[in-house]
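None of the figures in this text is laboratory data; all of them are computed from the coordinates on show. No experiment lies behind these values; they were computed from the predicted model shown. Cβ placement follows ideal geometry from the backbone for every residue including glycine, while neighbour counts extend to all protein chains displayed.
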Amino acid sequence: MRHHRGARVTGVDELLLARARRVLGELERARHEPARLTGLSGGTLRLGSFQSAGIHLLPVLSAFRRAHPDVELTVADDDPPAGVAAVAAGEIDLALTHTYEPAPPVPLPASVAPEPVLVEELVLVTPPGHVPAGGTSRLPLAELAGQPLAAMAPRRPYRQGVDAAPARAEATSSVLVATPGYAVVCALVSAGPGVGVVPEMVACTAVTPVGLRLLEGGELRRTISVAHRPT
């Protein structure tokens, strides 16, 4: 947990630190995946990515650049499902995309196949020192009753199932973030009395100080995949 004199590790932090190391370990393994590509020389690799993946996952391409310095890389800001549509249309070669659980299945164009890269839970973020962050066990959703909630805008279909869970627990929607910006959600939570539910990769690397708590059941999840056209 961050405070004005530096970093102090608590029991909660140790639990979450272990999970952060697991996530970063998976990313490190993914870092070496581009190096498996052989026989590439020249040309351009066109990649689309949504915001949080762009910040946290795209550095894995440094391995690709070292292995294939003569291949030009271009990166487009494509929030799902726009990135998948761009792959299907031949406008880009690969797109980082995501699915959430619980949520209805998202149909993909027949010409596009997804390759899962990372599955992560969604966790509760709170203002530092806030009561829900004060335990080491998983927090039942029922304990969110009455908590002001900073949430993604309901019109985001992929988030509707996730945001419905705190709503069923009678958390109070206090701020709706209209753009898909988890950094904004974390900043709002850090500055005020509200809480939020975000992917653990985002929570563990938030630039604003937040408390974190795992949720009971572990049923709120996000899967990040690479969409491509099968050869």
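Distance from a point 7 Å along Cα→Cβ of SER111 to each backbone N in the stretch 67-85: keep the residues under 15 Å and list them by number.
Once the point is set 7 Å along Cα→Cβ of SER111, 83-85 turn out to lie under 15 Å by backbone N, inside the stretch 67-85.
From the phi of every residue in the stretch 183-196, what ³J(HN,Hα) in whole Hz does the Karplus formula 6.51 cos²θ - 1.76 cosθ + 1.60 yield, where θ is phi - 60° and glycine or proline is x?
4, 5, 4, 5, 5, 5, 4, 4, 8, x, x, x, 10, x
Enumerate by residue number the GluC sites (Glu not before Pro) in the stretch 184-231 meeting two conditions: DSSP loop (anything except H, G, I, E, B), and at most 16 other Cβ atoms within 10 Å of the site's Cβ. Please list the in-between numbers first.
Values: sites: GLU200, GLU216, GLU219; in loops: GLU216, GLU219.
Of the GluC sites (Glu not before Pro), the ones in loops of the stretch 184-231 whose Cβ has at most 16 other Cβ atoms within 10 Å are GLU216, GLU219.
Which far-off residues, 5 or more places away or on another chain, put their amide H under 5 Å from the one on ALA76, with H placed in the peptide plane?
So ALA76 has HN proximity to LEU47, GLY48, SER49.
For the stretch 74-231, rounded, prolate or oblate, judged on the Cα gyration tensor with a ≥ b ≥ c (square roots of eigenvalues), a/c < 1.5 rounded, else prolate if a/b > b/c?
prolate
Please list, in chain and number order, the residues 5+ apart from GLU216 or on another chain whose amide H is under 5 Å from its amide H, with Hs placed from the backbone.
Those lying under 5 Å, H to H, from GLU216 are LEU139, LEU141.
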